[in-house]
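The values are calculated or read from the model by the stated rules, or taken from the named source; none is laboratory data. Please read all numbers here as calculations on a predicted model, not as lab measurements. A quick note on method: Cβ atoms are made from the backbone with ideal geometry, for glycine too, and the neighbour counts reach across all protein chains shown.
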Amino acid sequence: MAQAPVSSAWRIELEDERATRALAADIAAMVGAGDLVTLSGDLGAGKTTFARALIRLLVGDPELETPSPTFTLMQVYEGAAFPIVHADLYRVASPSELADLGWDEAAEGALVLVEWPERAGEALTADRLDVNLRLDVAQGPGRRVVTITGAGAFGPKVARARAIHGLLGETGWSRATRSFMLGDASTRAYERLERPDGAVAVLMISPPRPDGPPVRYGKPYSAIAHLAEDIRPFLAMDEALRQRGFSAPRLIGADAEAGVALLEHLGSAPVVDADGPIPERYAAAVEVLARLHAMDLPDVVAVPTGGTHRIPPYDLDALGIEVELLTDWYAPHIARVVLSSGVRTNFAGLWRAALAPVVAAPATWALRDYHSPNLLWLADREGVARCGLIDFQDCVMGHPAYDLVSLLQDARVTVPDDLELKLLGHYARLRRDGDPDFDMAAFAGAYAALGAQRATKILGIFARLDKRDRKPQYLAHLPRVSRYLAKGLAHPSLSELKGWHDANLPGALTHAA
């Protein structure tokens, strides 16, 4: 059996069947299609019991019949997202017998659980998660010691699961029931935790961002665009927002090194309904921005787990690399247009010229993803605290118009033109109340430029999510985003960019048709 380098190991003591089920939930969060989980240990150590708990979790049926494959050698189950193969190789005398079982066909695209994996010889992949169980009768009947070892690609997953287990134990949430809430277009994931006493919390799993290939100046895209590299910017901005009276989730505990945090659950009441934006709630979200933008805000904030975080500037390099997602992804994969290097260079230059005045203006905290999926309605709170904020790790020092246009030109929800204008006026009045010299005309120009910039970026991101990440559901929003782009480019200051689109990529403006 070929072995990959062992990256991480985790030792756990299981007191009872409940603890076994909890461990199965930990493992379920780590595995997927094409993965191999080997179950090792002596006869009677509980390998089949553990496999049964894991299979029932993945299938979503706590009463599912899961007979031991001791005599059939393999049992196949249809999971919610991928098939599951449970194999017991105790009676296999030679690895060559696997071919007669139809092993390769059954295992393709499936999660494979293998008891007695040593009988397979070299037939199993070296990247694996090994769960070794042994009885610990000296500590009491039914007690077991489990050692989980991650080999190869599983090493970081095991380290993260161990960190989560430790964090929940330290904060008094070890007996909580965990359920998957959602993931987003990034590598982050969230779980809802509920304790036996009814208390709820959110587990945020935000592993360090892997470096992509260098695209410019020897740096990856994420570094140029100033995207958070780990969980520390989130922790820092969370505390900084709460200190200023905004409803970011209270931090219960965190392991910054592992990229996990336990957070206050702000509920699930959205700022939209089936008909679109709820005006009262959008008005409250606008009030949050007006209050925030009236403050004198630092560009360095403390990280609760130690150290400081410097909020990067939303500079021309960051804004520019974002708009190039249109020419890199949307043009070839959606519009089916091949742009020459000269045309692309002209596009980048026009954008730098259009955005130079925006970058030169006084900067504030631009939370950067300030839109309906990341806002929650907290009816029991008052003032700006009524609007819950949950996504701000990519905060930059940028123009105040950026977050307002993110809200009022939401990529996923259509904001009617009359409501957009009404809320723009609401924002302007609030700003003028605190600063009679607030220049709404200049702000409107920046709003148009950043609206067009954001729409350009999103068209590229949604094309990339479809082509590279196989998430075609985002394409449904292209007509709406295309309309936002056309709206922004109608501003007189962006006439040259409008001309570029008319000549080279008119589909980005007419996608809605």
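A few points about this structure:
- Search result, residues across region 465-498 that are within 18 Å of residue 354 (Cα to Cα), touching a Leu at 6+ places or on another chain (Cβ under 9 Å) and surrounded by fewer than 17 Cβ atoms within 10 Å (Cβ to Cβ): 495, 496
- If the condition is being acidic (Asp, Glu), surrounded by fewer than 17 Cβ atoms within 10 Å (Cβ to Cβ) and closer than 23 Å to residue 145 by Cα, then region 25-73 contributes only 42.
- When we screen 483, 464 for residues that are under 29 Å from residue 280 (Cα atoms) and of a type outside the set (Ser, Thr, Tyr), the only hit is 483.
This table checks each residue for (1) at positive phi; (2) touching a residue at least 40 places away in the same chain (Cβ under 8 Å); (3) assigned to a loop (DSSP other than H, G, I, E, B); (4) not assigned by TED's automatic domain parsing to the domain that holds residue 389.
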| residue | (1), (2), (3), (4) |
| --- | --- |
| 229 | no, no, yes, yes |
| 235 | no, yes, no, yes |
| 239 | no, yes, no, yes |
| 297 | no, yes, yes, no |
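- Enumerated helices (runs of 4 or more DSSP H) restricted to region 412-507, each holding at least 2 residues that are assigned by TED's automatic domain parsing to the domain that holds residue 291 and closer than 27 Å to residue 348 by Cα: 440-467, 478-489, 495-504
- Filter result for residue 115 (under 29 Å from residue 178 (Cα atoms) and without any contact (Cβ under 8 Å) to a residue 12 or more places away in the chain): no
- Looking across region 289-305, the residues that are under 24 Å from the mean Cα position of the chain (by Cα) and surrounded by 21 or more Cβ atoms within 10 Å (Cβ to Cβ) come down to 289, 301.
- Hey, residue 250 under 19 Å from residue 375 (Cβ atoms) and either out of contact with any strand residue (DSSP E or B) (no Cβ under 9 Å at 6 or more places or on another chain) or of a type in the set (Lys, Arg) (or both) or not: yes
- Test set (1) over 20 Å from the mean Cα position of the chain (by Cα); (2) crowded, with 16+ Cβ neighbours inside 10 Å; (3) at pLDDT below 95; (4) not hydroxyl-bearing (Ser, Thr, Tyr) - residue 246 fails condition number: (3)
- The strands (runs of 3 or more DSSP E) found wholly in region 141-205 and carrying at least 1 residues that are at pLDDT 90 or above occupy 144-151, 189-194, 200-205.
- Residue 356 being in contact with a strand residue (DSSP E or B) (Cβ under 7 Å, 6 or more places away or on another chain) and in a helix (DSSP H, G or I): no
- Any hit, region 79-91, residues being basic (Lys, Arg) and either under 13 Å from residue 21 (Cβ atoms) or without any contact (Cβ under 8 Å) to a residue 12 or more places away in the chain (or both): no
- Test: residue in region 104-124 that is buried (at least 17 other Cβ atoms within 10 Å of the Cβ), closer than 23 Å to residue 30 by Cα and among the acidic types (Asp, Glu): yes
- Test: residue 285 is in contact with a Cys (Cβ under 6 Å, 6 or more places away or on another chain), modelled with pLDDT of 95 or more and of a type in the set (A, V, I, L, M): yes
- Test: residue in region 372-384 that is of a type outside the set (Asp, Glu), buried (at least 23 other Cβ atoms within 10 Å of the Cβ) and either touching an Asp or Glu at 6+ places or on another chain (Cβ under 7 Å) or in contact (Cβ under 8 Å) with a residue 24 or more places away in the chain (or both): yes
- Complete set of residues in region 17-41 that are acidic (Asp, Glu) and touching a strand residue (DSSP E or B) at 6+ places or on another chain (Cβ under 6 Å): 35
- Those residues of region 488-512 which are under 29 Å from the mean Cα position of the chain (by Cα) and of a type outside the set (A, V, I, L, M, F, W, C), in sequence order: 488, 511
- Close contacts from region 20-34, counting a first residue that is in the same structural domain as residue 145 (by TED's automatic domain parsing) and touching a residue at least 12 places away in the same chain (Cβ under 8 Å) and a second that is buried (at least 19 other Cβ atoms within 10 Å of the Cβ) and of a type in the set (D, E, K, R), with Cβ to Cβ under 7 Å and a gap of 6+ residues or different chains, come to 30/157.
- Considering residues of region 141-189 that are in contact with a Gly (Cβ under 7 Å, 6 or more places away or on another chain) and either without any contact (Cβ under 8 Å) to a residue 60 or more places away in the chain or of a type in the set (A, V, I, L, M, F, W, C) (or both) only, the residue farthest from residue 128 (Cα to Cα): 167
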